[in-house]
Amino acid sequence: MQDPCNQVRKTFGDAYAEDLRFVAKQVVGEENFIDMTPNRSNNYCCGGGGGALQAGYTEERRTYGKIKFDQIMATGATYCIAPCHNCHSQIHDLSEHYEGGYHTVHLWTLICLSMGCLGPNERAYLGEDLAELLMPETKEAEE
Amino acid sequence: MAEEAIKISGKKQSTFMDKVREVLPEGGNLNLCLTCGACSSGCPATGLSGMDPRKFLRMAALGLDEEILKSDWAWQCTMCWRCMYVCPMKIDIPQLIYHTRKSWPRENRPKGIRGSCDMALKHDSCSAMGASEEDFKFVVEDVLEEVRNTQVGWEDLQAPINKQGAMFYVNQNSREPVTEPDEMVPLWKILHKVGADWTYGTKGWAAENYCMFLADDAAWKHIVEVKAKAVDDLGCKYWVNTE
């Protein structure tokens with residue numbers, strides 16, 4: 001679980017980080033949730049914020065993000081939940097660039113997956129292990 | 001008894017520290033640095049371009065504004081506030097960074113951020129990817145129709161646009177409607193499941209604000225005003241934006 005700087009440290013604080021964990025644990029199961037260290041208000045920025053994704057200093061952005069990458073790899077987790085748009089882009093890029101092999105998912109993806117209503121076209125960020133899980137019923141479009 | 005105060009001759013050089021102090025509550029504590037280095041040891045941008053937060057602050061304190069402006073570091077720092085969070089004196093280094101960005105001539109600021117800001121200023125959609133009000137409405141309605149027609153149990157899914165008096169006005173990052181529209185659907189489903197009274201708006205629908213990252217105050221203000229007016233015009237009680 002990435003604690004987005006803008007939502008946690010810069011705005012709502014640790015109480016919000018707890019809410020995020022409550023939701024995440026409800027959808028993936030407490031036994032499947034692994035925290036990074038450090039976390040919550042003390043978490044490291046992923047390196048995608050402040051306009052960095054568009055600033056053009058790509059090498060520096062990835063060097064910045066190496067700390068985040070190492071933090072994620074240290075958990076051994078298959079998925080990193082990124083409940084922020086910037087974080088999602090950056091953490092996804094870090095996995096590809098440093099060949100971490102983890103998947104980066106939006107929180108909305110896991111919420112709908114756990115409710116059994118994640119449609120076939122809404123699974124772009126899931127790995128093979130979850131790609132077919134709890135697939136809801138579909139029908140041919142009526143003309 | 002103390003001697004008369006020592007006077008240091010020479011012109012005072014710094015403007016950064018003064019300007020930033022003026023706009024911050026209690027002056028942003030900028031002159032309270034203990035040089036402990038907690039900021040730098042916990043900053044992922046430490047070492048990039050040979051800079052770190054403590055060095056940056058010390059340079060500002062010494063009036064080395066010109067040298068600061070020669071460094072690209074202000075654009076590599078993400079203004080994440082971790083330095084301020086761990087600082088025993090709560091020194092507002094991120095604000096110093098913002099001011100440094102603002103001190104760059106606009107045309108020299110990073111092209112990508114500048115282009116995204118300029119694009120957002122083109123339409124009242126405020127989209128940094130240039131998607132217009134009509135584009136957004138078309139994509140949302142198109143995706144919604146497909147879900148209703150193909151996903152069992154979601155025939156009544158809603159994605160309201162310009163719904164007067166809705167409780168929540170929800171912003172959407174441009175990336176979804178422009179490059180991966182199906183990613184909007186899970187959000188709609190969640191809002192539907194919990195029975196939220198929400199709406200998108202054609203005006204000001206885009207969540208991102210690169211003018212803020214560009215440190216272009218006037219453009220940043222404009223973007224926020226367009227969005228805030230859109231929320232007000234629809235009579236929505238809450239404006240939901242996680243950017």
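What follows is calculated from the coordinates using simple rules that are stated; it is not laboratory data. Every value quoted in this text rests on a predicted model; they were computed, and no experiment measured them. In this analysis, Cβ positions are derived from the backbone assuming ideal geometry, glycine residues included, and neighbour counts consider all displayed protein chains.
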Dividing the helical contributions, -39500 (n - 2.57) per DSSP H run of n ≥ 4, by the residues of chain A yields a 222 nm value, nearest 500 deg cm²/dmol, of -13000 deg cm²/dmol
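Taking each residue of B:144-152 in turn, how many C-beta atoms of other protein chains fall within 10 Å of its C-beta, and what is the average?
Average neighbour count from other chains, rounded to a whole number: 4.
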Using the Cα gyration tensor of segment B:143-192, with a ≥ b ≥ c the square roots of its eigenvalues, what is the shape: rounded (a/c below 1.5), prolate (a/b larger than b/c) or oblate (neither)?
oblate
In nm², the average projected area of the convex hull spanned by the Cα atoms of segment B:101-145 is 3.7 nm²
Taking alpha-carbon centroids only, segment A:14-87 lies from segment B:213-243 a number of Å equal to 26 Å
Put +1 on the Cβ of each Lys and Arg and -1 on the Cβ of each Asp and Glu in chain B; which of B:THR78, B:VAL170, B:SER132 then has its Cα farthest toward the positive end of the dipole?
B:THR78
Net charge of Cβ neighbours under 11 Å - reference B:ALA207; Lys, Arg +1; Asp, Glu -1:
-1
Tell me which cysteines of chain B come out unpaired when the rule is another cysteine's Cβ under 4.7 Å.
B:CYS33, B:CYS36, B:CYS43, B:CYS77, B:CYS87, B:CYS126, B:CYS236
Rounded to whole Å, sorted largest first: equivalent-ellipsoid semi-axes of segment A:11-56, Cα gyration tensor:
25, 13, 10
For chain B, take the longest principal axis of its alpha carbons; what is the angle in degrees between that and the long axis of helix B:93-103, to the nearest 10 within 0 to 90?
80 degrees
I need the shape label for segment B:16-104. Rule: rounded when a/c is under 1.5, else prolate if a/b > b/c, else oblate, with a, b, c from the alpha carbon gyration tensor.
rounded
Roughly what % of Cα-Cα distances in the protein assembly as shown sit above 34 Å, to the whole percent?
34 percent
Stokes-Einstein, Kirkwood over Cα pairs, segment B:61-130, 37 °C, 0.692 mPa s; D in µm²/s equals 235 µm²/s
In whole angstrom, note down how far apart the Cα centers of segment B:162-209 and segment B:108-145 are.
14 Å
Overall Cα dimensions of segment B:179-243, principal axis frame, Å, largest first:
39, 29, 17
Between the DSSP loop rule and a limit of at most 14 other Cβ atoms within 10 Å, which trypsin sites (Lys or Arg not before Pro) in segment B:172-243 are left?
B:LYS237
Please give the average number of partner chain Cβ atoms lying within 10 Å of the Cβ of each residue in A:39-48, rounded to a whole number.
3
Specify, per residue and in Å³, the volume enclosed by the convex hull of the alpha carbon atoms belonging to chain B.
174 Å³
Please sort by residue number the GluC sites (Glu not before Pro) in segment A:94-134 whose DSSP state is loop and whose Cβ has at most 16 other Cβ atoms within 10 Å.
A:GLU99, A:GLU132
Magnitude of the Cβ-charge dipole (Lys and Arg +1, Asp and Glu -1) of segment B:112-240 about the Cα centre, nearest 20 debye, reported as 400 debye
So what's segment B:42-169 giving for Rg/Rh, alpha carbon basis, Kirkwood Rh from the mean inverse pair distance?
1.19
Taking Lys and Arg as +1 and Asp and Glu as -1, residues besides A:ASN32 with C-beta under 15 Å from its C-beta add up to -2
Charges at C-beta only: +1 for Lys and Arg, -1 for Asp and Glu. How large is the resulting dipole of the protein assembly as shown about its Cα centre, in Debye rounded to 20?
2000 debye
Cα shape, segment A:1-77, gyration tensor, a/c 1.5 rule
oblate
Summed residue charge, Cβ within 13 Å of B:TRP81's Cβ, Lys/Arg positive, Asp/Glu negative
+2
Tell me, what is the percent relative contact order of chain B, built from C-alpha pairs under 8 Å that lie six or more residues apart?
18 percent
State the volume of the convex hull built on the alpha-carbon positions of chain A, expressed per residue in Å³ and rounded to an integer.
136 Å³
10 °C / 1.306 mPa s Stokes-Einstein diffusion coefficient of segment A:51-112, Kirkwood radius on C-alpha pairs, µm²/s
133 µm²/s
Is there a pair in B:LYS19/B:LYS221; A:LYS66/B:LYS221; B:LYS163/B:LYS193; B:LYS163/B:LYS237; A:LYS25/A:LYS68; B:LYS70/B:LYS221 whose C-alpha atoms are over 23 Å apart, and which pairs would that be?
A:LYS66/B:LYS221; B:LYS70/B:LYS221
Taking N as the residue count of segment B:112-240, its alpha carbon Rg divided by 2.2 N^0.38 Å gives 1.06
